Structure formats: structure tokens, C-alpha cells
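Single-structure report; data block below.
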Amino acid sequence: MLTPKSRFSFGDGTEMWVPEKAGIERADLVVAVTGDDEDNLVIAQLAKHEHNVPKMVARVNNPRNQSTFDLFYVDATLCAATMTVSMIRHELPSHQFVPLLALKHEGPELIEIEVGDDSPMAHIAVDDMRLPQGVLLAAVLPRGDETLLPGDQVLCLLPPGREKKLTHILLPSRRPEEVQAQSSVDVTGERSP
């Protein structure tokens, strides 16, 4: 948190003396957002392992490098390309399940899912929705009044691993794995086998 007494230090965060001069030993959080993935990863590792900073957030410029950041347990990553693809998928009418935001190693995910024709949630009041344990209803994009209709979009905040249960309730005639596979897009440009 920046306070009126916050200080700013400028320099190359991959050189040990720069974060030390900035007071990294007192930091609760370090954010590495340079335009270079290698620098961001080095900064994250120095902060976490040399200075015992509890939380690390890093920018991933090239989506192909995401797995490396995951491998080194960076707490949260931001990738403009991945976020852009999520926003585009959100606008596509053909997807019934769209992951909008996932916080790595933290748990919560924000997803958008469609209410299916055969869903037990269809044609009931929003207040009467019964979602799996741990799933929080964030918003409903209804086409009618306060009653859910097939085709309505539901935004939910949920812990990892609850996507299948939620998909089973809102899209019971579809296999959760199939719904999620249709929503995934490879932003790395590599072809799947």
C-alpha cells in the first residue's frame, strides 16, 4: 500500500543492491512488471527466496512463459494477451463457459456460465438458486425479470475444482470436460497434439 511517506527507488530490480536500497526486507508484496519476462522472473525469485517476501505478482509478457512462472510458484501473474483472449471469448455467443479470471495459488476464479435449457436452475427465482458449496453468485445477466431463464449468463466466484459441479448444475446435458475444453483457447500460438 502506498502511503504519503512512500518512497520510490529507480533502478534494475535484477541487481541485488536496487531492491535492498528500496527496503525489500520490509516488503509484504513485490510486483514485477517490466517488459521482459526473464527480468520479472528473476525479480520474483530474488524477492521470494533471498528476501522472504510473502507475496509476488509478476507480469507475463509472452503467454508461452506462463508455465515457467507457475513452475516457480509466482503467487499471481498478469498477462495482457491472456486477458484479451478472455475478453474476446466473453463476447463470443457460442461459448457456454468462459473463465474470466483466475488467481494462481490463491484459489478463487471468476467464470461466466450459461443456464442450460434442462438446468434445474432454469425458471426459478435468483434468490432460490442452490449452488455448490464454496460457489458465490457474483452477478446474473438475466433476459427477463428475477427468474433465471435458459440462456441467461451467470457470473460466479468459485474455488478451483468446483467448475465441474457448477457446470453439471447449469448445463446438465453437457459433459463438464467438453464445455471447458470448448472454452479454452491456446494463446501461445502452439498447435495442440
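The values are calculated or read from the model by the stated rules, or taken from the named source; none is laboratory data. Please read these numbers as outputs of a predicted model, since none were measured by experiment. Note that each Cβ is placed from the backbone with ideal geometry, even for glycine, and that neighbours are counted across all protein chains shown.
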Is there a residue in region 66-76 that is β-branched (Val, Ile, Thr), in the same structural domain as LYS164 (by TED's automatic domain parsing) and either under 30 Å from VAL179 (Cβ atoms) or at pLDDT below 90 (or both)? no
On the basis of being buried (at least 20 other Cβ atoms within 10 Å of the Cβ), in the same structural domain as SER173 (by TED's automatic domain parsing) and not aromatic (Phe, Trp, Tyr), does ILE124 make the cut? no
Being in a loop (DSSP other than H, G, I, E, B), aliphatic (A, V, I, L, M) and at pLDDT 85 or above is the filter; apply it to region 149-193 and report the residue that is farthest from VAL135 (Cα to Cα). LEU149
Among the residues of region 11-25, which ones are surrounded by 14 or more Cβ atoms within 10 Å (Cβ to Cβ) and more than 17 Å from ASP36 (Cβ to Cβ)? GLU20, ALA22, ILE24
Is at least one residue of region 18-31 among the hydrophobic types (A, V, I, L, M, F, W, C), part of a helix (DSSP H, G or I) and at pLDDT 85 or above? yes
Of all residues in region 26-51 being more than 26 Å from THR84 (Cα to Cα) and touching a helix residue (DSSP H, G or I) at 6+ places or on another chain (Cβ under 8 Å), which is surrounded by the most Cβ atoms within 10 Å (Cβ to Cβ)? ALA47
Take ALA58 and decide whether it is buried (at least 18 other Cβ atoms within 10 Å of the Cβ), at pLDDT 80 or above and touching a helix residue (DSSP H, G or I) at 6+ places or on another chain (Cβ under 6 Å). yes
